[in-house]
Amino acid sequence: MNRQEKEEYLREYSILKSQGKPFFPYAVAKDSIMAVVVMGVIITLSIVLGAELGPKADPTTTTYVPRPEWYFYFLFELLRIIKPNWLVPLATLGIPTICLILLFLLPFFDRGPERRPEKRPIATTLGIFVIAAMAYLTYLGASAGSPNSIELATPASVKQSGGTMLAQFEAGRQVAAQSGCLACHKFGENGNAGPGPPLTDVGRNLPAGAISRTLINPTPPMPSFKDLPKEKFDNLVVFLSQLK
Amino acid sequence: MKLKLPAPPIPASLKSPPRRPDEERPSKVEGAKEAGISAVDWVDERTSLSGGVRWMLFRKVPRGTNWAYTLGSATMFAFLNQAMTGVFLAMYYDPSATNAYESARYITNEAFLGEFVRGMHKWGSTVMVVLVFLHMGRTFFWGAYKYPRELNWVVGAVLLVLTMLMSFTGYLLPFDQKSYWATIVGVNINGTGPLVGPYLNDFLLAGPDFGATTLSRFYAIHMLLVPGLIAALIGAHLYLVARLGTTAPPWLKAEKNPELRKESV
Ligand code: HEM
């Protein structure tokens, strides 16, 4: 806005203002009604939904699904969508930081005199786009599975044999999910694509013996898992060798 | 029967003059009103507050001011609700890694109306975040951040960040699985940030890792540092709102005063 536009705005505004009503009691009345509505909503939510308290924090579990408050889902989801490692810092802080800086500086680069949303197509479109993107990411975040679980379908052969086999397979799935393999390996849709090879069908290439040898004596950077309890280790090997 | 109190022994110069026979005795209501007014006068004589209050309350809001303009004050009420319920939660809460969960459990299951108050605090935070975004949306789409209100937009943006920070630090406090792991993830995300990320983490966690004092640090940030900043900035925000006046809806055009138009013809 140049000086003339500024003065014009101030003149217009002072006329509109002089035609208005005093803040007290007219605006105060509306604000008070709104305050009552807000309190009503909060009280209703509190009575209906209560305040649950989950199990006590346990830093030693790794199976727990971290879930932020729902209004952080969009940030969380941004992190999940952007996979290549070198892009991750960009996704987690780069994009939010840039958005935040743009938000702060908005009045300094958008300085046109026009205020009607339909006459500011760029600003309005961008605003709607950001809202839509955040809503979409929030939706994805709300419906996403756990980042610490392996959702591969149980192979038909394992299902058929049932009994100990099935039990060991499912237990092994838990061990794999809890032991941090997902940080380096992909199982189906879960886990990271590197640095290790995908394990979606390891059992096809490697027999159980080779797998357990790899786990005990792996090539770096993979850590050795020889210290896992015997039973867990065996279940893990069964699980992996059945992935065909 | 009327009880007559003995007159206090005050010097004659301070006593009100005796009533003249033709004067009416002031009614009780009037007396009470007088007392109220003189008390307010007493304060005002010593503070000159009335000018400021009048300035805040009897300013005009432009024609066309509608319900969308209540979103800001609604956000403020949500914040006041957080402050009130937070005080009650703080009476029972213990920010130590060993007792935090137990105190949260006590509040939820045993304290009188504990779950209700905790629920109001928890859902109040959601309501506040929603309202802050709605309010920001209103000011954004209506171009209310433009001249001369740029600075108020910046103050508002800081308030938005602080509100999110409140929610982030508060989420850890009940110290259940959910809050613990969400915080770990959040802090790790934060740590990957460019330049300041790791330092910010050191500050948040009170050390390189989640440790014994992390919880009390989050608590201090959550209940002293950030709310203080928010309260101060809401004050600045409202000062600017009153100083500059709230915008009129962008579609309104000022009708020139018909008197003026007549003269210019
Ligand atoms: C704790 C959070 C906040 C509180 C309590 C608050 C409160 C208020 C109040 C009471 C008003 C008066 C007019 C109205 O209600 O619309 C107002 C106006 C305004 N707020 Fe906020 N606000 C908050 C956050 C924000 C945020 C996040 C922004 C944007 C980044 C913002 C930008 C503005 C602007 C530009 C105005 C002037 C609007 C006009 O004159 O029409 N505020 N705020």
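Would you say B:Val29 is away from the ligand (no atom under 16 Å from the Cβ) and among the β-branched types (Val, Ile, Thr)?
Yes.
Report yes if B:Thr183 is among the hydroxyl-bearing types (Ser, Thr, Tyr), within 8 Å of chain A (Cβ to nearest Cβ) and without any contact (Cβ under 8 Å) to a residue 60 or more places away in the chain, otherwise no.
No; evaluated as a whole, the condition is false for this residue.
Could you please let me know if B:Gly86 is in a helix (DSSP H, G or I), of a type outside the set (Ser, Thr, Tyr), surrounded by 14 or more Cβ atoms within 10 Å (Cβ to Cβ) and touching a Ser or Thr at 6+ places or on another chain (Cβ under 9 Å)?
Judged against the criteria, B:Gly86 is not a match.
Pairs under 7 Å by beta carbon, first residue within 27 Å of B:Gly86 (Cα to Cα) in the stretch B:128-157, partner within 7 Å of the ligand (Cβ to nearest atom) and aromatic (Phe, Trp, Tyr), six or more apart or different chains?
Between residues of the stretch B:128-157 that are within 27 Å of B:Gly86 (Cα to Cα) and residues that are within 7 Å of the ligand (Cβ to nearest atom) and aromatic (Phe, Trp, Tyr), the close pairs are B:Met128/B:Phe79.
As an exercise: evaluate A:Val130 against (1) within 14 Å of another protein chain (Cβ to nearest Cβ); (2) open to solvent by 50 Å² or more (accessible area, probe 1.4 Å); (3) away from the ligand (no atom under 16 Å from the Cβ); (4) among the β-branched types (Val, Ile, Thr) and give the number of the one condition it does not meet.
It is condition (3) that A:Val130 fails.
Which residue pairs have Cβ atoms closer than 7 Å, lie 6 or more positions apart in sequence or on different chains, and pair a first residue in the stretch B:58-75 that is free of Cβ contacts under 8 Å to residues at least 24 places away in the same chain with a second residue that is open to solvent by 30 Å² or more (accessible area, probe 1.4 Å)?
B:Phe58/A:Pro22; B:Phe58/A:Phe23; B:Phe58/A:Phe24; B:Trp67/A:Lys30; B:Thr70/A:Lys30; B:Thr70/A:Met34; B:Ser73/A:Met34
What do you reckon, is B:Gly52 within 14 Å of chain A (Cβ to nearest Cβ), modelled with pLDDT of 85 or more and either open to solvent by 70 Å² or more (accessible area, probe 1.4 Å) or within 16 Å of the ligand (Cβ to nearest atom) (or both)?
Taking the combined requirement at face value, the residue does not satisfy it.
Do you know which residues across the stretch B:103-129 are more than 7 Å from every other protein chain (Cβ to nearest Cβ) and more than 18 Å from A:Gly40 (Cβ to Cβ)?
The answer is B:Ser103, B:Tyr106, B:Ile107, B:Asn109, B:Glu110, B:Ala111, B:Phe112, B:Gly114.
Residue-by-condition table, conditions (1) within 16 Å of the ligand (Cβ to nearest atom); (2) more than 30 Å from B:Val187 (Cα to Cα); (3) exposed (fewer than 15 other Cβ atoms within 10 Å of the Cβ):
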{"site": "A:Glu7", "(1), (2), (3)": "no, yes, yes"}
{"site": "A:Phe23", "(1), (2), (3)": "yes, yes, no"}
{"site": "A:Ala27", "(1), (2), (3)": "yes, yes, no"}
{"site": "A:Leu45", "(1), (2), (3)": "no, no, no"}
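Quick grid of which residues meet (1) part of a helix (DSSP H, G or I); (2) facing chain B (nearest Cβ under 7 Å); (3) under 25 Å from A:Arg115 (Cα atoms):
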| position | (1), (2), (3) |
| --- | --- |
| A:Glu5 | yes, no, yes |
| A:Tyr9 | yes, yes, yes |
| A:Glu12 | yes, yes, yes |
| A:Ile15 | yes, yes, yes |
| A:Pro25 | yes, no, no |
| A:Lys30 | yes, yes, yes |
| A:Ile33 | yes, no, no |
| A:Gly40 | yes, no, no |
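Kindly establish whether B:Thr98 is of a type in the set (Val, Ile, Thr) and open to solvent by less than 80 Å² (accessible area, probe 1.4 Å).
No; evaluated as a whole, the condition is false for this residue.
Within the stretch B:66-88, track down each residue that is more than 7 Å from the ligand (Cβ to nearest atom), closer than 30 Å to B:Leu215 by Cβ and at the interface with chain A (Cβ under 10 Å from one of its Cβ atoms).
Within the stretch B:66-88, B:Phe77, B:Ala78, B:Leu80, B:Asn81, B:Gln82, B:Thr85 meet the criteria.
Of all residues being part of a helix (DSSP H, G or I) and facing chain B (nearest Cβ under 7 Å) in the stretch A:101-118, which is most open to solvent (accessible area, probe 1.4 Å)? Just the residue, please.
Filtering the stretch A:101-118 for residues that are part of a helix (DSSP H, G or I) and facing chain B (nearest Cβ under 7 Å), the one most open to solvent (accessible area, probe 1.4 Å) comes out as A:Phe108.
Inside the stretch B:124-228, counting only helices (runs of 4 or more DSSP H) that do not spill past its ends, which hold 3 or more residues that are away from the ligand (no atom under 16 Å from the Cβ) and open to solvent by less than 30 Å² (accessible area, probe 1.4 Å)?
Counting at least 3 such residues, we get B:177-191, B:197-205, B:214-220.
Can we say B:Asn81 is polar (S, T, N, Q) and in contact with a helix residue (DSSP H, G or I) (Cβ under 9 Å, 6 or more places away or on another chain)?
Criteria met by B:Asn81.
The values are calculated or read from the model by the stated rules, or taken from the named source; none is laboratory data. These figures come from a predicted structure and were not determined experimentally. Every residue, glycine among them, receives a Cβ derived from its backbone with ideal geometry; neighbour counts consider all protein chains shown. The accessibility values were calculated without ligands, DNA or RNA, using every heavy atom of the protein model including side chains. Shrake-Rupley method; radii C 1.70, N 1.55, O 1.52, S 1.80 Å.
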